[in-house]
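Each remark here refers to the structure printed beneath this line.
The values are calculated or read from the model by the stated rules, or taken from the named source; none is laboratory data. Just so we're clear, the structure is a prediction, and the values are computed from it rather than from any experiment. Glycine gets a Cβ as well: all are built from the backbone with ideal geometry, and neighbour counts include every protein chain shown. Calculation scope for accessible area: heavy atoms of the full protein, side chains included, ligands and nucleic acids excluded. Shrake-Rupley method; radii C 1.70, N 1.55, O 1.52, S 1.80 Å.
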Amino acid sequence: MSTAGAQLQFGAEFAVFLVALAGLSFVLLRAELLVEGALQRFGLAAGLGCIGASAFLHGSLVVDNPNSAQLVGLRVAGVVLLAIAPMGWRAGEAGKLWLWAGIVALALSEAALRGDSPTLGNWLRVAGALGLGAAFLGAGRHSIPTRVAASSAAMLLAVVLAVALALSVVISNNVEREAIRRFSAEAGAEADVAEGQGAQALTDATFIASGLPRATGASDALGTLSDDGATDEQKQNAASQMTSVLTLFGSTFKEIDPRIGPLVLVRNGAVLAATDGLSAADAIQLAGGDVVTQATAAVKPRQSLFVTNGAEPRLFAIAATPVGVGDVTFVLVVTSQLDDSYLQEHLTRSNTEIAGYGLTIATREAVLAHTGEQPSLAATLDVSRRTLDGATNPNIDSGGRFLVGRSIVPAESAVAAVMVSVPSGFVAGTREDLFRLLFVVALIATLVALVLAAIVGERIGSGLRRLTVAAGQLQGGDLHASAGLATEDELGVLSVAFDSMTDSIRGMTADLRQAAQDEAELRGRLEAVVGGMTEALFAVNENGEITDFNTAAEELCDIPARKAIGRPVRQIVRLVAPDGTDLTPRLERPVLEEWSDGASLVQPSGTEIPVAVSAGTLRGVDNEVVGSVFLMRDMRREQEVERMKTEFLANISHELRTPLTPIKGYAGMLRNRTVDEKRVKEFAAEIETGVDQLERVVDQLVNFATMVAGRLDLRTEPVKPKDVLDSAVSRWGQRLDDKHTIKRRVARGVPTVVVDRRYLEQSLDELIDNAVKYSPSGGNVLLTATMSQNGKGDVVQLTVADSGVGIAPERIDAIFEDFSQGDASATRRFGGLGLGLAMVGRIVRAHGGDLKCTSVPGKGTQFTISLPVTK
């Protein structure tokens, strides 16, 4: 397990153990505050005991495997037993939710641990401990002793947990640093030895170079190889001869240096001869390397380490020594390969007491040599790259092994890295021993903390309980309650003060009750008056915040009082003067002198409502200004009445003058001119038509006044809808011009209705008159009678439909209002007082019926009278 994982496991188990121990103490001391019922108390106590025992066994590493049978059994049993407790939980719904959250988290942690997800499982155990701890802390609020004990224990436990976790971090870091220091030293030693292999190769090269020219056959072969005029065959034979010589030298020096490898003879970067054990490509790479180049240029021996870049890279310690023959300089290269056998020799001499110890030499891309147990290739190359790149901390813990690397730097730059790897358990073992000791020490500290917290809580709680009982008696109405504590500490002083307070309360109770009764009566009257006002009233304090907001103000401002009270008045009420000036700042300033003004109230929706505003001063007990009170009266009705009065006077003037004009004109012509008898009759007919119009206007006004006064006297009788429609068609057929036609259609089985025939015919006449008037281009006026249902029973529907100009959708509701006109201007296209539909509506409603309108602008309008059928 990694260091972070071990610390998380330690913290999780320790937290669960502490919470279980604290909760178990709570159950044993004051179980009545937590749960009711013997079964629930047993479940809570046993469950806490099980999870606490499992946390102790695993946290102290008595049982190392978290999925061992005994730990799993204890954890599962603990969760199951804890699930019984919420059924009898008494410490509030919030505490029950925390308890359930802790139980569910512990159950999920068990599933995560069994699913081989230890990190998630440990975090869930921490969450479970927090949930249970929050539930117990919440329960402790219902008793001061338990609150003191629980709070003290919680703080002490938090300190212990923090210290334990800090120590675990320090321990883990120290163990890991010590391991890094030790194995870094070993890796560094191996790197130094690897660098020193070049010195041994240089010694071998020096001796061989000094004896090479005197070897049998070597002098002639070197002469041939240095002769530019020699044939290729001669040079080939000379190269073969030198290969044999080099092989002989290599075999001889094997006894001195068993690690001596292939030997190579080079001239001008070209390989002339090489012993076995080195591929042609590797030999050529060696010949062109920096060591050979430097030895040739300086005519001095050079040494280094060299990594070939073939399909299987290899690491060599190499030495290059110049060999002079006349004016020609050859370079002898002696190699010593650092392979698995090289590392095996070193492994047998160090750290064989650590099981699983391994050594590796690698470049950034490949492993060059290894021995012992090995980490994964990816981990090896990762550490090698980090080491060669000069990382501050190239070491890692991966795949169950701990890796430490050091660079091999034979010259100016590193060529490879040596890595020491050991099983993580080597480091974890030491860490676990220290964790085990730390857990036991923390356990002892926790027990001491809980005992001390319980003692302190009980000492404080005994006196507080007596005070609580006395306070409960006083709350229940017993004014003679007494705490009776005779101690010299703060509780004794509090007890004396409490007893004195009860004496004062007994003397003041009667006065307070009377004052409260008087105040309640006065407040009730004031609230009734203010609440019943039709004008909007609101009060503002000296800070410009609303303190009162009556029902009328809610309706007028379109804001509920709960959102208005307590907020700045500028955010709730906005007033604008007729000239556009913003009057809202006047509402924030104290009113020193009363004022009144007209304004427009702007609702949140942007609607402007004309209001009359009056402002007054609110004064306190000492006559100081403490705020302002404002009264707003909705002026829309007054303005609407004024508008309607103006329109009515204009309409009635227009309706009266319209027929009077022809009457006066024709009468003047009859008086001032000699007119033949035919024209006299025509003029008389026009005068009679004007009189009829005047009479209709007067009848409308009289009938409307009668209806408004509530004196509509219905003389009902059974009437057939067919007869009413026939009569209407007959009346209007003679009055219509050539552009209009009137027809009727009666469905079969339409029953008789009980109505006042006069008023019904008058209503149809009004609807037909509108149909003709609003069909200036002519068209058909259709009267129909059908039977339908409206949810309350059968109804007869009388419909008047035209194909005229129609009504805009937004005007349909308004046309049924009194004096309503589609166009109220003096230049309106269609005449009328605006009373016809209002009068029809009143007549229909007086019969228990309903009047509806449907219209499509430009295509016509249909009015429907629905009359109930009396059985």
In segment 584-602, the residues that are in a loop (DSSP other than H, G, I, E, B) and exposed (fewer than 14 other Cβ atoms within 10 Å of the Cβ): 589, 592, 593, 594
Condition met for residue 534 (closer than 19 Å to residue 633 by Cα and touching a Pro at 6+ places or on another chain (Cβ under 8 Å)): no
Residues being assigned to a helix (DSSP H, G or I), open to solvent by 10 Å² or more (accessible area, probe 1.4 Å) and out of contact with any strand residue (DSSP E or B) (no Cβ under 6 Å at 6 or more places or on another chain) - total across segment 207-229: 7
Matching option when the condition is open to solvent by less than 20 Å² (accessible area, probe 1.4 Å) and in contact with a Gly (Cβ under 7 Å, 6 or more places away or on another chain), among 273, 295, 283, 317: 317
Selection from segment 323-332 of residues that are in a strand (DSSP E or B) and open to solvent by 30 Å² or more (accessible area, probe 1.4 Å): 324, 325, 329
Residue, least open to solvent (accessible area, probe 1.4 Å), within segment 241-270, restricted to residues that are of a type in the set (Ser, Thr, Tyr) and touching a residue at least 12 places away in the same chain (Cβ under 8 Å): 243
Residue within segment 95-113 that is crowded, with 19+ Cβ neighbours inside 10 Å, touching a His at 6+ places or on another chain (Cβ under 7 Å) and not acidic (Asp, Glu) present: no
Contacts under 6 angstrom Cβ, first residue in segment 24-37 being within 14 Å of residue 81 (Cβ to Cβ), partner open to solvent by 30 Å² or more (accessible area, probe 1.4 Å) and part of a helix (DSSP H, G or I), 6 or more apart: 35/41
Residue 570 vs. criteria open to solvent by 90 Å² or more (accessible area, probe 1.4 Å) and in contact with a Pro (Cβ under 9 Å, 6 or more places away or on another chain): yes
Matching residues in segment 709-729 - criterion: being open to solvent by 70 Å² or more (accessible area, probe 1.4 Å) and over 18 Å from residue 864 (Cα atoms): 711, 713, 715, 716, 717, 718
Positions within segment 720-744 being part of a loop (DSSP other than H, G, I, E, B) and within 24 Å of residue 846 (Cβ to Cβ), in sequence order: 720
Output for segment 509-559, where each listed residue is in a helix (DSSP H, G or I), surrounded by fewer than 18 Cβ atoms within 10 Å (Cβ to Cβ) and modelled with pLDDT of 85 or more: 551, 554, 555
Matching option when the condition is open to solvent by 20 Å² or more (accessible area, probe 1.4 Å) and at pLDDT 90 or above, among 382, 397: 382
Given (1) of a type in the set (Gly, Ala, Ser); (2) at pLDDT below 75; (3) open to solvent by less than 40 Å² (accessible area, probe 1.4 Å); (4) in contact with a strand residue (DSSP E or B) (Cβ under 6 Å, 6 or more places away or on another chain), index of the condition residue 411 fails: (3)
Segments classed as strands (runs of 3 or more DSSP E), wholly inside segment 244-311, with at least 1 members that are within 20 Å of residue 221 (Cβ to Cβ): 263-267, 270-274
Pair list, Cβ under 8 Å, 6 or more apart: segment 94-123 residue of a type in the set (D, E, K, R), other residue assigned to a helix (DSSP H, G or I): 96/86; 96/135; 110/72; 110/75; 110/76; 110/79; 110/121; 114/72
Qualifying residue in segment 685-702 (condition: at pLDDT 80 or above and either more than 30 Å from residue 797 (Cβ to Cβ) or open to solvent by 60 Å² or more (accessible area, probe 1.4 Å) (or both)): yes
Scope segment 57-75; condition under 23 Å from residue 100 (Cα atoms) and buried (at least 16 other Cβ atoms within 10 Å of the Cβ); matching residues: 71, 72, 74, 75
Residue in segment 170-191 that is modelled with pLDDT of 75 or more, more than 23 Å from residue 424 (Cβ to Cβ) and among the acidic types (Asp, Glu) present: no
Residue list for segment 775-801, filter: within 60 Å of the chain's Cα centre (by Cα) and not aliphatic (A, V, I, L, M): 788, 789, 790, 791, 792, 793, 794, 797, 799
Output for segment 298-314, where each listed residue is open to solvent by 80 Å² or more (accessible area, probe 1.4 Å) and of a type in the set (Gly, Ala, Ser): 311
Enumeration of residues in segment 41-56 that are over 22 Å from residue 11 (Cβ atoms) and open to solvent by less than 40 Å² (accessible area, probe 1.4 Å): 43, 44, 45, 46
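For every residue, the table says whether it meets (1) of a type in the set (A, V, I, L, M, F, W, C); (2) on the phi < 0 side of the Ramachandran plot; (3) free of Cβ contacts under 8 Å to residues at least 24 places away in the same chain.
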{"site": "546", "(1), (2), (3)": "yes, yes, no"}
{"site": "561", "(1), (2), (3)": "yes, yes, yes"}
{"site": "587", "(1), (2), (3)": "yes, yes, no"}
{"site": "592", "(1), (2), (3)": "yes, yes, no"}
{"site": "596", "(1), (2), (3)": "no, yes, yes"}
{"site": "615", "(1), (2), (3)": "yes, yes, no"}
Subset of segment 1-40 [open to solvent by 20 Å² or more (accessible area, probe 1.4 Å), at pLDDT 80 or above and more than 19 Å from residue 106 (Cα to Cα)]: 36, 37, 38, 39
Pairs, first closer than 25 Å to residue 836 by Cα and in a strand (DSSP E or B) in segment 745-760, second open to solvent by 30 Å² or more (accessible area, probe 1.4 Å) and hydroxyl-bearing (Ser, Thr, Tyr), C-beta under 7 Å, six or more apart: 754/716; 754/870; 755/716
Tally of residues being part of a helix (DSSP H, G or I) and buried (at least 20 other Cβ atoms within 10 Å of the Cβ) across segment 82-94: 2
Subset of segment 750-789 (residues that are polar (S, T, N, Q) and open to solvent by less than 10 Å² (accessible area, probe 1.4 Å)): 763, 775
Condition broken by residue 346, with the remaining ones in (1) at pLDDT 90 or above; (2) open to solvent by less than 40 Å² (accessible area, probe 1.4 Å); (3) in a helix (DSSP H, G or I) satisfied: (1)
